[in-house]
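The values are calculated or read from the model by the stated rules, or taken from the named source; none is laboratory data. Being a predicted model, the structure only gives us computed values, none of them experimental. Every residue, glycine among them, receives a Cβ derived from its backbone with ideal geometry; neighbour counts consider all protein chains shown.
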Amino acid sequence: MSCSVTLKNIKAKIANRVLFENLNLNLSHKKKIAIIGQNGSGKSTLLEIIGGLNKPCDGSVEIFHEPMRELSEFEKYRNLIGFLFQNSDDQFIAPSVIEDVAFSLLARGVSKDEARKRAEFMLAELGISHLRDEIVFYLSGGEKKLVALAGVLITEPKILLLDEPTTALDYDMQIKVANILGSLDIAQIIVSHDKEFINKVVDKVYFLNQNGLSLEA
C-alpha cells in the first residue's frame, strides 16, 4: 500500500513522563483519519512529530516512503505538509489577513499579483473576504482559526495535519469547514474532541493512549 506517513514504534515523553510508546501508523495517500484521546495524552505532540516539528524519543518516521532521521530532513517536504496549530496566533507571520494568507506563496517565489489573487480566492472559499484588510491579532477566535486555515490550504499540501480545527467556530462554519476538508483528496490527520465534526470528514478514528493508537470501536 502506498503511504504518505509511516510511523514505527514511536515513543514520546515530556520530562520523565512517557506520553505514548510502541505507536505504529500507516496513513495511505488521500486517507483521512482522526485521533482522539484524553487531555495530555500527547495528541498535539504526535502531530508535531509527523510534521517534523518535534522528534520522537524512539522509533522511525517515514514521509512518502523516505526515512526522516533528523528534523532537518523534513525541509524537502515542508511545502507538502500543511499544519494547522491549535493556537492560531502561533500560525501568523504577516500583520494583515490578506498578507498573511499570501505569505507562504510569496516565500516560494510566486509573484505578488498571483499570490494576492489566490489569497483572495481562498478567503472567498471560507467566506471571510470581508476580513482581508483586518489585522490578524485583532480578530475573534473563530476568525483567527479561519484565516489560519486559509493560510494552510492555499499551499495545496499533500498531507494536512489539523489540531482542533473547530475551536471557536460556530456550528454553521464547522459544517462549512467539514465540507471543505471532506472535498480535499489528500491525506489528513485531525486531532479533535468534536465527534460530530470528525465523523463528517474522516474514514477512521483512532484512540491515543500510552500504549499507542487503537481503532475506536
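Filtering segment 87-120 to residues that are surrounded by fewer than 16 Cβ atoms within 10 Å (Cβ to Cβ), under 19 Å from the mean Cα position of the chain (by Cα) and of a type in the set (A, V, I, L, M, F, W, C) leaves only ILE93. Is it the case that GLU164 is under 20 Å from SER4 (Cβ atoms) and either out of contact with any helix residue (DSSP H, G or I) (no Cβ under 8 Å at 6 or more places or on another chain) or among the aromatic types (Phe, Trp, Tyr) (or both)? Taking the combined requirement at face value, the residue does not satisfy it. The strands (runs of 3 or more DSSP E) located wholly in segment 1-75 that include 2 or more residues which are touching a helix residue (DSSP H, G or I) at 6+ places or on another chain (Cβ under 6 Å) and within 16 Å of LEU215 (Cα to Cα) occupy 32-37.
For segment 196-210: of the residues being in a helix (DSSP H, G or I) and touching a residue at least 24 places away in the same chain (Cβ under 8 Å), which is farthest from the chain's Cα centre (by Cα)? Once the filter is applied, the top-ranked residue is LYS200.
Total residues in segment 121-142 satisfying the condition of being of a type in the set (Asp, Glu) and either at pLDDT 95 or above or exposed (fewer than 13 other Cβ atoms within 10 Å of the Cβ) (or both): the figure is 2.
Taking the conditions (1) touching a Ser or Thr at 6+ places or on another chain (Cβ under 7 Å); (2) surrounded by 19 or more Cβ atoms within 10 Å (Cβ to Cβ) in turn, LEU84 satisfies each one other than (1). Annotation note: of SER4, SER28, the sole residue that is within 30 Å of VAL101 (Cβ to Cβ), surrounded by fewer than 18 Cβ atoms within 10 Å (Cβ to Cβ) and in contact (Cβ under 8 Å) with a residue 12 or more places away in the chain is SER28.
So which helices (runs of 4 or more DSSP H) stay within segment 97-159 end to end and still have 3 or more residues that are farther than 23 Å from GLY51 by Cα and without any contact (Cβ under 8 Å) to a residue 24 or more places away in the chain?
Working: elements: 97-107, 112-125, 141-153.
In segment 97-159, 112-125 are the helices (runs of 4 or more DSSP H) which contain 3 or more residues that are farther than 23 Å from GLY51 by Cα and without any contact (Cβ under 8 Å) to a residue 24 or more places away in the chain.
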